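Read the figures in this text as sums done on the coordinates, not as results from a lab. Note that this is a predicted model, so its numbers are computed, not measured. Ideal geometry is used to build each Cβ from the backbone, glycine not excepted, and the neighbour counts take in all protein chains shown.
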Amino acid sequence: METEELPDESADQPVDPQVSVRRPAGFVAGIIFGAFLGAGVALLLAPERGDKTRGRLRRRMHSLREDAREGIDRAGSLTREELRRGKRRFRAELARARERAEQALD
């Protein structure tokens with residue numbers, strides 16, 4: 001029995017050397033391996049016991065959270081003030097436009 005060869009479709013298409021085949025599974029595996037490696041190195045090189053480190057981290061996170069809240073409050077206050085100024089400017093400009101329109105109609 002004779003076998004029939006199928007035409008090679010890839011031979012008709014030009015090969016672009018800039019295009020690379022991406023392998024997402026390999027990338028994800030590399031990320032996971034890097035995370036475990038980093039955690040292991042961190043455990044080996046930690047300067048203090050775990051409970052002291054956790055306490056320090058807890059205090060630092062609390063401080064960062066408070067700083068973030070203060071920043072958000074400041075930003076909110078500044079935004080409200082800027083909106084009030086914009087509203088006053090808009091109303092003043094609207095009043096001037098109304099005056100010009102009335103003068104134009106007279």
Discussion item. Given a Förster distance of 41 Å, report the FRET efficiency between Leu57 and Leu94 from their Cβ-Cβ distance, rounded to the nearest 0.05.
Written reply: 0.15
Worksheet item: Full extension from Arg49 to Glu66: what is 0.36 nm times the residue separation minus their Cα-Cα distance, to one decimal in nm?
Response: 3.5 nm
Worksheet item: Once you sort the root eigenvalues of the Cα gyration tensor of the range 24-105 as a ≥ b ≥ c, which label holds: rounded (a/c under 1.5), prolate (a/b larger than b/c) or oblate (the other case)?
Response: oblate
Worksheet item: If Lys and Arg each add +1 and Asp and Glu each add -1, what is the summed charge of the other residues whose beta carbon sits under 12 Å from the beta carbon of Glu48?
Response: +3
Worksheet item: Across the range 55-70, in residue order, what do the Karplus-derived ³J(HN,Hα) couplings come to in whole Hz, using 6.51 cos²θ - 1.76 cosθ + 1.60 with θ = phi - 60° and x for Gly and Pro?
Response: x, 5, 4, 4, 5, 5, 5, 4, 4, 5, 5, 5, 4, 5, 4, 4
